[in-house]
Amino acid sequence: MTNLSERLTSVLSQAWSWWSEGLNRKDEWARTALTVSSLALFIMWFTWINKLYKSRNARYPPGPRGLPLVGNLPFLDPDLHTYFARLADTYGPILKLRLGKKVAVVVTSPALAKQVLKDHDTTFANRDVPVAGKIATYGGLDIAWTPYGPEWRMLRKVCVREMLSNTSLDGMYSLRKREVEGMVREIHGKVGSPVNLGEQLFLTILNIITSMLWGGHERITSLGTEFKEVVGEITKLLGTPNVSDFFPGLARYDLQGLDREMRASALKFDRIFEYIIEERLKLIDSEKGVEIKDFLHMLLRLKDEGGTNTPFTMKHLKALLMDMVVGGTDTTSNTVEWAIAELMNKRETMRKAQEELETVVGLDSKLEESHLPKLHYLQAVMKEVLRLHPALPLLVPHCPSSACDIGGYTVPEGARVFINVWAIHRDPSIWDNPLEFNPERFLNVKWDFSGNDFNYLPFGSGRRICAGISMGERMFMYELATLLHSFDWELPPNSKLDLKEKFGIVLKKATPMIAIPSPRLSKPALYT
Ligand code: HEM
């Protein structure tokens, strides 16, 4: 650094002499311009030297060699979670890849996950927003993509405290009950025939979420089918690797046409939101004083109240609706689908879960949400499903706002950081028989998913932990408990259970879970 300070002194003295010359000329304007540009030049030079010095001294994590220009892109396996796990076996718990112009860092140990998500939480609480994500969320105005700062805090507060708090969720039980009972009626109508459980679950969760968002009043009807289509398009586009992300300089050419497709899908969503909001505003005008208990009503009130330093705008409102619909549906419905698949693969465990339901609820009664806290075995089933099949196996990638030391290596500013939760959840040094589906491991042990234990992180940890944990937990438990309590499930004749995974923005079953229901409850009236 001696060299650095010598050069610094020399630049300063040169700047001073230019400034004095300017004084002699008594040219006020030239003097100011000279001073400002010298200072700007000096700051730029100093920042550059400082970065150069830091990058020369940086020690980057190990990783596989890539090709010039494209780096490791040509070697990526589409099943990223298993590919990263294999690389970690060779390169260790922190490794680096180059994806075009981007640096990716993969973390695969609880100790290093803790360094990222707890010790350096503020630095890593940012996101490297994909181009498609930005387009889908009104320029990245939602919770998931907004950079860490006052705007993100305001959105999170609205979401977690006002919308998804336990009190607010309790107040909306009747809406969830209406949708879950509708699902039971529909499945009862298909008794003896194959049911595509993934599709059924997705639609039910979508209806639950949309009715909590804006279905608290009968006049605004559910737009289930239209939404299902658009959510499918958006999650597919979000999960497709995009050249525009790896080579930002090429983003304007949209070489794969993904940005154009996303714009079209986002526009469909926006039209639905516009329609729903317009209908609601008309309703509020026509029925002054009417009490409507849903999120849309609360969000519109918040928007009108303003009052905070960070205003809550109509675009924020729509971006939040988008977060709830896209972030809550696929994650929760896939987790329930995995649960059914694992239970069908292990009949003894299915029987124990159903026996618990018989004891707590009884075959002469419908299941209510109030039964859920008493279903300890089923809670262990949920934890075990989230261990083996975490919905977001690499979390949502984090992005450091400045270079940071993790495990003795430098993670450069702006890197895309993946925490391979899927691999941590299957690490044999942490879990006995990690590949076995065994809910008993969660019975009588204090494992929870609050993000304090870095061996078990299905919802992430730290500032960016999932904003919808209590809602996800309630919907998962209510749906799974209802399906197991109301029906017995068999595989269609001559079919085999397949537990293969398919990586995407959400980890899915490679083949849909199809099963045949038969009634369990004591009388048909319980299915109406
Ligand atoms: C089984 C269900 C669910 C699972 C497993 C899950 C998991 C996750 C994970 C792993 C993250 C990323 C955490 C990180 O980056 O460190 C996340 C973020 C998020 N989740 Fe969930 N989630 C579920 C359900 C929901 C629901 C029901 C909602 C809302 C209705 C929701 C809303 C969000 C939002 C808004 C974020 C972004 C948080 C932020 O960036 O600050 N999630 N979720």
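The values are calculated or read from the model by the stated rules, or taken from the named source; none is laboratory data. What you see is a predicted model, and the numbers here were worked out from it, not measured in a lab. Methodologically, a virtual Cβ is constructed for each residue, glycine included, from the backbone with ideal geometry; neighbour enumeration extends over all protein chains shown.
A compact table of results
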quantity: Answer from Ser429, Ser470 - the residue that is within 9 Å of the ligand (Cβ to nearest atom), within 24 Å of Glu342 (Cβ to Cβ) and among the polar types (S, T, N, Q); calculated: Ser470
quantity: Failed criterion for Ile220 (all others in (1) at pLDDT 95 or above; (2) part of a loop (DSSP other than H, G, I, E, B) hold); calculated: (1)
quantity: Residue in the stretch 442-472 that is nearest to Ala88 (Cα to Cα), counting only those that are out of contact with any helix residue (DSSP H, G or I) (no Cβ under 7 Å at 6 or more places or on another chain) and among the basic types (Lys, Arg); calculated: Arg464
quantity: The listed residue being surrounded by 23 or more Cβ atoms within 10 Å (Cβ to Cβ), away from the ligand (no atom under 16 Å from the Cβ) and either outside any helix (DSSP H, G or I) or in contact (Cβ under 8 Å) with a residue 12 or more places away in the chain (or both), out of Leu378, Leu367; calculated: Leu367
quantity: Matching residues in the stretch 181-217 - criterion: being among the hydrophobic types (A, V, I, L, M, F, W, C), over 24 Å from the mean Cα position of the chain (by Cα) and part of a helix (DSSP H, G or I); calculated: Met183, Val184, Ile187
quantity: All positions within the stretch 493-528 that are under 22 Å from Glu186 (Cα atoms) and surrounded by 12 or more Cβ atoms within 10 Å (Cβ to Cβ); calculated: Pro512, Met513, Ile514, Ala515, Ile516, Pro517, Pro519, Arg520, Leu521, Leu526, Tyr527
quantity: Within the stretch 447-467, considering residues that are crowded, with 22+ Cβ neighbours inside 10 Å and more than 7 Å from the ligand (Cβ to nearest atom), the one farthest from Trp431 (Cα to Cα); calculated: Phe449
quantity: Check on Thr225, in a helix (DSSP H, G or I), exposed (fewer than 13 other Cβ atoms within 10 Å of the Cβ) and at pLDDT below 95; calculated: yes
quantity: Residue under evaluation Thr167, criteria (1) among the hydroxyl-bearing types (Ser, Thr, Tyr); (2) assigned to a helix (DSSP H, G or I); (3) farther than 19 Å from Ile469 by Cβ, criterion not met; calculated: (3)
quantity: Residue satisfying condition, being more than 14 Å from the ligand (Cβ to nearest atom) and not in a loop (DSSP other than H, G, I, E, B), within set Leu97, Leu117; calculated: Leu97
quantity: Cβ-Cβ under 6 Å pairs, at least 6 apart or on other chains, the stretch 421-433 side part of a loop (DSSP other than H, G, I, E, B), far side surrounded by 22 or more Cβ atoms within 10 Å (Cβ to Cβ); calculated: His425/Arg387
